[in-house]
Amino acid sequence: LITAGISVFREGRQAASFGHTETAQTVSEAEIVQRAISEQSSHLPEDTFALGHQERALLLKVNGDPRRRFEVAGGLYSIAEKHLAMSNASEAIRVAQVCADLVPDSVTAARCWVLCGEASAFSQPELPLALRYLERADQVLLKQLEKAPQRPDALKVRSELLLMLGMTEAKFQRLDEAEGHRSEERRVGKESRS
């Protein structure tokens, strides 16, 4: 009961801090997710069990509101990053996949697949599974860029992703593919800066 009361209190405070006139349409995905990441990151615990508890608490807040889904996704992304920082790659991958499934076909989902690729490269460096995750992220980003070719957050994430893809391809001695990703990264990098 006390926990429910605190949860309702927090919900009210968050709603008040966003203001009455602000809607999911007036605030971009990037802003919502970044705000949630910042808020969640500031008080993440240092153990797997407590992180799991926070993950479950966040998932209970999901409703039909797109803004709320992106807020929860930002919190989950923070938890996945924390698992990776604690060298718990399998949990990082699992939480990032939950996050990607929550907001599919979004830049946030692409960031989650990139995190899966990083975690996979960390935990299983001999397997090209990391490439599959990174390629999935690229597919999601390309869909977003079809809708909005100059979307800054998508261009930035795609530029970083292409660099990572190139390095990962080179690591597996796929040098032609690595060079292709590298030249594409230079092109996308120029677009994101202009």
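The values are calculated or read from the model by the stated rules, or taken from the named source; none is laboratory data. Source: prediction; values computed, not measured. Counting neighbours? That spans all protein chains shown, and the Cβs are built from the backbone with ideal geometry, glycine included. Keep in mind that these areas ignore ligands, DNA and RNA; they rest on the heavy atoms of the full protein, side chains included. Shrake-Rupley method; radii C 1.70, N 1.55, O 1.52, S 1.80 Å.
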Quick check on my filter: what residues within the stretch 80-91 are in a helix (DSSP H, G or I) and either surrounded by fewer than 24 Cβ atoms within 10 Å (Cβ to Cβ) or in contact with a strand residue (DSSP E or B) (Cβ under 7 Å, 6 or more places away or on another chain) (or both)? Glu81, Lys82, Leu84, Ala85, Ala89, Ser90, Glu91
Do you know which residues across the stretch 106-152 are among the acidic types (Asp, Glu) and under 21 Å from Glu81 (Cα atoms)? Glu118, Glu135, Asp138
I'm trying to understand the selection: among the residues of the stretch 104-126, which are in a loop (DSSP other than H, G, I, E, B), open to solvent by 10 Å² or more (accessible area, probe 1.4 Å) and over 21 Å from Thr48 (Cβ atoms)? Pro104, Asp105, Pro125, Glu126
Mind telling me which of the residues Arg132, Arg94 ends up being within 18 Å of Leu161 (Cα to Cα) and assigned to a helix (DSSP H, G or I)? Arg132
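Could you identify the single residue in Arg158, Arg187 that is at pLDDT 80 or above and either buried (at least 16 other Cβ atoms within 10 Å of the Cβ) or farther than 26 Å from Arg69 by Cβ (or both)?
Exactly one of Arg158, Arg187 is at pLDDT 80 or above and either buried (at least 16 other Cβ atoms within 10 Å of the Cβ) or farther than 26 Å from Arg69 by Cβ (or both), namely Arg158.
Please determine whether any residue of the stretch 167-186 is assigned to a helix (DSSP H, G or I), under 30 Å from Ala50 (Cβ atoms) and not acidic (Asp, Glu). Step through it out loud before you land on a result.
So the first thing to find is which residues in the stretch 167-186 are assigned to a helix (DSSP H, G or I), and the list is 167-171, 175-186.
Still in the list and also under 30 Å from Ala50 (Cβ atoms): none.
No, that holds for no residue.
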Being open to solvent by 40 Å² or more (accessible area, probe 1.4 Å), in contact with a helix residue (DSSP H, G or I) (Cβ under 8 Å, 6 or more places away or on another chain) and at negative phi narrows it down to one residue among Leu163, Leu141; which is it? Leu163
For residues that are over 16 Å from Ala80 (Cβ atoms) and among the hydrophobic types (A, V, I, L, M, F, W, C), scanning just the stretch 30-48, find the one that is surrounded by the most Cβ atoms within 10 Å (Cβ to Cβ). Ile32
Selection from the stretch 78-118 of residues farther than 24 Å from Glu169 by Cβ and of a type in the set (Lys, Arg) yields Lys82, Arg94
